[in-house]
Amino acid sequence: MMSSRMTILRVRFTAPPLSQRSGSWALYDSAGACVRTGTAGADGWPAADTNEAVIAASQVRIATVKLPPMPGPRLAGAAEFALEDQLAGARAENLLKVSSQEADGRVRVVIASRALVSAIASAQRDFARIIAEPELAAPSAGWRWCAADDGIGFVRCADGSAFPADAPPVDGSLPAELALAVGRAKRDGAASSELRVDAPISDAAFARLQREAGVPVVRGTPWRWQASSQALFAAAQDLRPGKPAASAAHPQRRFARAFAPALILTGAALAIHVLASIGEWAALRTDAWRTAREWRELAAAAGVAPEAATTPQAARAALARRYAELRHAQGLPAPDDALPLLARASSALVALPSGTVKSAVYTDGHWTLELARSDPALIRDLDTRMRAARVPVLVATSPTGARIRLGGL
């Protein structure tokens, strides 16, 4: 636990940190009060005893899922499976942090870009914690629509979930993402009791919003993440990746100490090194066995035949197929169906020059596109756009063009 005498610098990131990229920051004194704020690149941040990073609401989402009671180590896998149809892109691109399970079975899952979190964690300034901005807005009885002067906004729901949403438009119209969320909540019988607007908005825009929102709208206070309570900062989940084990350093230190003595001590050090390696290998094998067993148990609980879940990879693939079958049985699309997959990739494909795509074939959960051009600049731009759209992509080039596989990875 941090000493109350420490000063804390908190920096808000909307993109990976660069020394010349400006970001808002806030400095807190030993009593936890915000004493200074500003906007600057890394070279302009003030010194502090402890540094913390805040990922902007536009880069994260918080979901809540209800699960049967289960041990803590299994919560992450179960929550990931429950949210699989809501995750964009490949699993490796998303970082999920799961809260402890509440009495009614609900868990809160913070979803962020693994690349962004890793970039912040490896930045020149050492950040003791990385947290999500929406967790700094306490849930209320209704929905909180929060936005600051920079236009980055989000909605925090009563159940603790949160999603990005544009700041209130000057004309008072409801943003598309918020309108869809309100409509879906009404259809599901979970409409909010009110919509509180914690954002800058004119009287005229507020009056129109009250007429068109479909739920009671109340005016709040414009959002300032820097003004959140110290209790909310402390309760937010730490998104930092797990630190690698340092056990490999011990054999090296033993070898260095044993290099000068007689040969018998060198042999003893080598034996210890071998035993430590065997122990580490055994621990990894045990962990892999436990993971495989949990995947098989989860697959069995979902009705997957044992012979279809002999390995963790097979169990995961079988669960995905089972989920798709259940969605199809209800007349609903699955995430890797042709149209949903193509819809996710459309924002990247629309940037291709006319006539670039010669053919497109869908099979077995992925699209294969034949391109008439294979120049490196076009391929790099397409790969960047696909990553931004969270669509897995593989590219194979030839002198006459390129073949691209979308999804199914």
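The values are calculated or read from the model by the stated rules, or taken from the named source; none is laboratory data. Computed from a predicted structure; not experimentally measured. Positions of Cβ are backbone-derived with ideal geometry, glycine not excepted, and every protein chain shown enters the neighbour counts.
Remarks
- Only one entry in ASP375, ASP364 is at positive phi and at pLDDT below 85, namely ASP364.
- Screening ALA158 with (1) more than 25 Å from PRO46 (Cβ to Cβ); (2) modelled with pLDDT of 90 or more; (3) surrounded by fewer than 19 Cβ atoms within 10 Å (Cβ to Cβ); (4) hydrophobic (A, V, I, L, M, F, W, C) gives one miss only, at (2).
One line per residue, one yes/no per condition, for (1) assigned by TED's automatic domain parsing to the domain that holds SER202; (2) of a type outside the set (A, V, I, L, M, F, W, C); (3) under 17 Å from ALA191 (Cα atoms); (4) without any contact (Cβ under 8 Å) to a residue 40 or more places away in the chain:
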residue: ALA148; (1), (2), (3), (4): yes, no, no, no
residue: ILE152; (1), (2), (3), (4): yes, no, no, no
residue: GLY160; (1), (2), (3), (4): yes, yes, yes, no
residue: PHE163; (1), (2), (3), (4): yes, no, yes, no
residue: PRO169; (1), (2), (3), (4): yes, yes, no, yes
residue: LEU178; (1), (2), (3), (4): yes, no, yes, yes
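- Residues that are among the hydrophobic types (A, V, I, L, M, F, W, C), more than 14 Å from SER140 (Cβ to Cβ) and exposed (fewer than 15 other Cβ atoms within 10 Å of the Cβ), drawn from the stretch 186-239: ALA190, ALA204, ALA207, ALA227, ALA231, ALA234, ALA235
- Being of a type outside the set (S, T, N, Q) and either closer than 20 Å to ALA76 by Cβ or in the same structural domain as PRO73 (by TED's automatic domain parsing) (or both) holds for only one residue in ALA305, ALA292, and it is ALA292.
- Test for PRO251: is it more than 30 Å from TRP143 (Cβ to Cβ), at pLDDT 55 or above, over 24 Å from the mean Cα position of the chain (by Cα) and not hydrophobic (A, V, I, L, M, F, W, C): no
- Flag for THR14 being surrounded by 13 or more Cβ atoms within 10 Å (Cβ to Cβ), at pLDDT 90 or above and among the hydroxyl-bearing types (Ser, Thr, Tyr): no
- Of all positions in the stretch 205-215, at least one carries a residue that is among the basic types (Lys, Arg), more than 28 Å from the chain's Cα centre (by Cα), in the same structural domain as PHE154 (by TED's automatic domain parsing) and over 25 Å from ASP150 (Cβ atoms).
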